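Structure record follows, encoded as structure tokens.
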Amino acid sequence: MTDKELLRKRFFKASCCYDNNAVVQKHMVERLLSLLQLHRQTLGNRIFEIGCGTGFLTKEILKYYSPEEYYSNDICDYAIEHANVKFILGDAEKIEYPKDLSAVVSSSCVQWFENIVSFFDKVHLALQKGGILLFSTFGEKNFTQIRTITQHSLLYYSTLEIKEMLSERFEVVCIKEEINNIYFSSPKDILLHFKHTGVNSLQNKRWTKNDYMQFCDSYTQLYGSTEGFPLTYNPIYVLAKKIEYER
């Protein structure tokens, strides 16, 4: 089974409890949309959402905007109940995108991509001149505790690296990051959080009882405190516009 197949299986299994556990992801959707208001941008009439999941971003966008066409995509076959949404199933790095889009949006998805530069190129081709790219992802400090203990992590980029990757084809209107700690009662609860949200690649690893015990012991020794056991999230928010000329 490939990594993408494992990812699809994991997210589908987590979908029944995702909405109740994905507190950070809900916050990220709110912050993402606030960028549009802050910079007085609109998404236009042809929107394509990548990695729609159970529909956090979809529902929020359709509260405030009434596009003529709204396409949503995910690697899992989620049912989003809205008459104006056309769902496209598949891997966003492989599928063909709708053309002449006014905006491409995505929240908490890009970090899973194997080639983010290729993704930006693909988005650029699909957008109208001056079209909007609005997305959130995670930075280098994301799940720093997990990386320290297991030496296992997705490849996360800094805000500077993301800006440089975008710069040839997009005007970066705004790029911001946050560092937030969520506290849990035990290391076991952190692993349950991953299971219920599917947000970490740890579940691709085969865990033995000894692995589990070592993880809990190390987490307790390194990060246990009177507040509980911290897990660091490092969200990054990006608002960019397609450059209307070639540099």
- [ ] Filter segment 144-159 for residues that are touching a helix residue (DSSP H, G or I) at 6+ places or on another chain (Cβ under 9 Å) and not hydroxyl-bearing (S, T, Y) and give the result.
- [x] Q145, I146, I149, H152, L154, L155
- [ ] State all residues of segment 214-229 that are exposed (fewer than 15 other Cβ atoms within 10 Å of the Cβ) and part of a strand (DSSP E or B); if no residue qualifies, say none.
- [x] S225
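Condition check ((1) part of a strand (DSSP E or B); (2) under 25 Å from H196 (Cβ atoms)) across all residues:
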| residue | (1), (2) |
| --- | --- |
| E49 | yes, yes |
| E60 | no, yes |
| A92 | no, yes |
| S102 | yes, no |
| V105 | yes, yes |
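Condition check ((1) of a type outside the set (D, E); (2) in a helix (DSSP H, G or I); (3) closer than 25 Å to Q25 by Cβ; (4) under 15 Å from the mean Cα position of the chain (by Cα)) across all residues:
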{"position": "I149", "(1), (2), (3), (4)": "yes, yes, yes, no"}
{"position": "E168", "(1), (2), (3), (4)": "no, no, no, no"}
{"position": "K176", "(1), (2), (3), (4)": "yes, no, yes, yes"}
{"position": "I182", "(1), (2), (3), (4)": "yes, no, yes, no"}
{"position": "Y212", "(1), (2), (3), (4)": "yes, yes, no, no"}
{"position": "Y237", "(1), (2), (3), (4)": "yes, no, yes, yes"}
{"position": "A240", "(1), (2), (3), (4)": "yes, no, yes, no"}
Open item on the list: Looking at the structure I just gave you, is Q145 over 20 Å from the mean Cα position of the chain (by Cα), surrounded by 14 or more Cβ atoms within 10 Å (Cβ to Cβ) and in contact (Cβ under 8 Å) with a residue 12 or more places away in the chain?
Closed with: no
- [ ] Could you tell me whether any residue of segment 59-82 is at pLDDT below 90, among the aliphatic types (A, V, I, L, M), farther than 20 Å from V110 by Cα and in contact with a helix residue (DSSP H, G or I) (Cβ under 8 Å, 6 or more places away or on another chain)?
- [x] yes
Open item on the list: Would you confirm, using the coordinates I've provided, whether F194 is in contact (Cβ under 8 Å) with a residue 24 or more places away in the chain, in a helix (DSSP H, G or I) and of a type outside the set (D, E)?
Closed with: no
Open item on the list: So for segment 132-139 (the condition being within 23 Å of N181 (Cα to Cα), in a loop (DSSP other than H, G, I, E, B) and in contact with a helix residue (DSSP H, G or I) (Cβ under 8 Å, 6 or more places away or on another chain)), does at least one residue qualify?
Closed with: yes
Task: Qualifying positions in segment 148-191 - of a type in the set (D, E, K, R) and either closer than 27 Å to E227 by Cβ or without any contact (Cβ under 8 Å) to a residue 60 or more places away in the chain (or both) - done: E161, K163, E164, K176, E177, E178, K188, D189
TODO: Would you point out the residue of segment 119-147, among those that are among the basic types (K, R) and more than 17 Å from L231 (Cα to Cα), that is modelled with the highest pLDDT?
DONE: K122
Task: Residues of segment 118-142 that turn out to be crowded, with 23+ Cβ neighbours inside 10 Å and hydroxyl-bearing (S, T, Y), as a count - done: 2
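The values are calculated or read from the model by the stated rules, or taken from the named source; none is laboratory data. Source: prediction; values computed, not measured. Because the Cβ atoms are built from the backbone with ideal geometry, glycine has one as well, and the counts that use them run over all protein chains shown.
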